[in-house]
Amino acid sequence: PESPRWLAKVGRQKEFEIALQRLRGRDADVSLEAAEIKDFIETIDKLPKAGIQDLFSRSYIGPVIIGAGLMVFQQFAGINGILFYASETFVSAGFDSGNLGTILMACIQLPLTTLGALLMDRSGRKPLLLVSTSGLIVGTLMSAVSFYLKVHGILPEQVPIITLTSILVHQKSLCFAQQVTRCLSELFSTLNPFVI
């Protein structure tokens with residue numbers, strides 16, 4: 001987007017002033033803000049330019065390992081298997097059709113992801129990640145128990161409900177765990193305070 005700050009950064013001064021004036025209003029005095037933006041851009045231009053090799057420097061290697069580790073280990077949560085085989089899982093658990101469970105999974109994902117974002121801002125990242133990890137474990141164990149009960153013929157009428165609940169718990173917990181990407185943006189933004 002051609003924001004005033006971006007226009008100033010690429011050297012389009014006339015367009016920068018017009019865009020800033022349009023943004024603040026026709027009667028607003030933007031001279032002080034324009035000077036601050038230009039000063040900020042000059043400060044950034046004086047900073048050394050970063051390259052890919054800088055990611056592996058001593059000051060960045062820790063956050064890079066943490067960020068990459070969070071993203072890699074998140075792939076072991078098992079959501080791909082659950083989503084790809086949801087219909088078959090529900091049918092093998094005893095549902096007449098896998099559509100009910102799949103529809104419930106789809107309906108619950110958006111509100112719970114939104115709830116996870118709101119909770120993250122209130123409770124913090126670490127507690128939310130710990131709770132979501134615990135939920136992933138509980139959901140996986142519940143799923144295992146439901147199929148154990150089915151194989152051994154114990155409570156056959158309850159197996160579909162336990163399976164649905166376990167998958168919903170797993171997915172709800174994963175919705176909260178998806179907030180890892182917000183953690184990464186905050187982790188890397190603290191390394192260079194002059195990022196635009």
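Answer rounded, prolate or oblate for the range 13-93, using the Cα gyration tensor with square roots of eigenvalues a ≥ b ≥ c: rounded when a/c is under 1.5, else prolate when a/b is larger than b/c, else oblate. Each step should come with its number before you reach the end.
Numbers: a/c = 5.54, a/b = 1.87, b/c = 2.97.
Since a/c reaches 1.5 but b/c is at least a/b, the shape of the range 13-93 is classed as oblate.
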Next item on the list: Pick out, in residue order, every one of the trypsin sites (Lys or Arg not before Pro) in the range 3-98 that is DSSP loop and has at most 15 other C-beta atoms within 10 Å; say none if there are none.
Entry: ARG12, ARG26, LYS49
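Quick check on the range 4-46: take the gyration tensor over C-alpha atoms, sort the square-rooted eigenvalues as a ≥ b ≥ c, and tell me if it's rounded (a/c under 1.5), prolate or oblate.
On the way: a/c = 3.12, a/b = 1.69, b/c = 1.84.
In terms of gyration-tensor shape, oblate.
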Checklist line | PHE84-CYS107 FRET efficiency (beta carbon distance; Förster radius 22 Å; 0.05 resolution) | finding: 0.75
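Since every read-out is calculated from the coordinates, none of them should be taken as a lab result. Since the model is a prediction, treat every value here as computed from it, not as a measurement. Because the Cβ atoms are built from the backbone with ideal geometry, glycine has one as well, and the counts that use them run over all protein chains shown.
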